[in-house]
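Comments concern the structure below.
The values are calculated or read from the model by the stated rules, or taken from the named source; none is laboratory data. Bear in mind that the values here come from a model prediction, so they are computed numbers and not experimental data. As a convention, Cβ positions derive from the backbone with ideal geometry for all residues, glycine included, and neighbour counts pool all protein chains shown.
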């Protein structure tokens, strides 16, 4: 099992639009392509406080991760939703991405 941690920093003043895009399009597109969102939140304390969306996806393998992301990014419905959401300019100033595994940890076992 692998996890993908994604951090989207919104363009100043565009967080409401980015949240709207997630709620109306991105989360539905992720689900449509079989991507499981384990966690999603705004950063409330620390770097990028209240200007960052952080979420975690779970995958069985790197191949699955790559296949599902490629399918979403080629999806005409997602492409159009993203285009329309950025008519007044980009929503994302920066994107951080990390792939995490539980190895070599015991997964909570003593």
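So that you can scan it fast, the table gives a plain yes or no per residue for (1) surrounded by fewer than 12 Cβ atoms within 10 Å (Cβ to Cβ); (2) in contact (Cβ under 8 Å) with a residue 24 or more places away in the chain:
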site	(1), (2)
30	no, yes
67	no, no
74	yes, no
86	no, no
98	yes, yes
102	yes, yes
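Residue 56 falls short of the stated requirement of being under 15 Å from residue 93 (Cβ atoms), surrounded by 15 or more Cβ atoms within 10 Å (Cβ to Cβ), modelled with pLDDT of 95 or more and in contact with a strand residue (DSSP E or B) (Cβ under 9 Å, 6 or more places away or on another chain).
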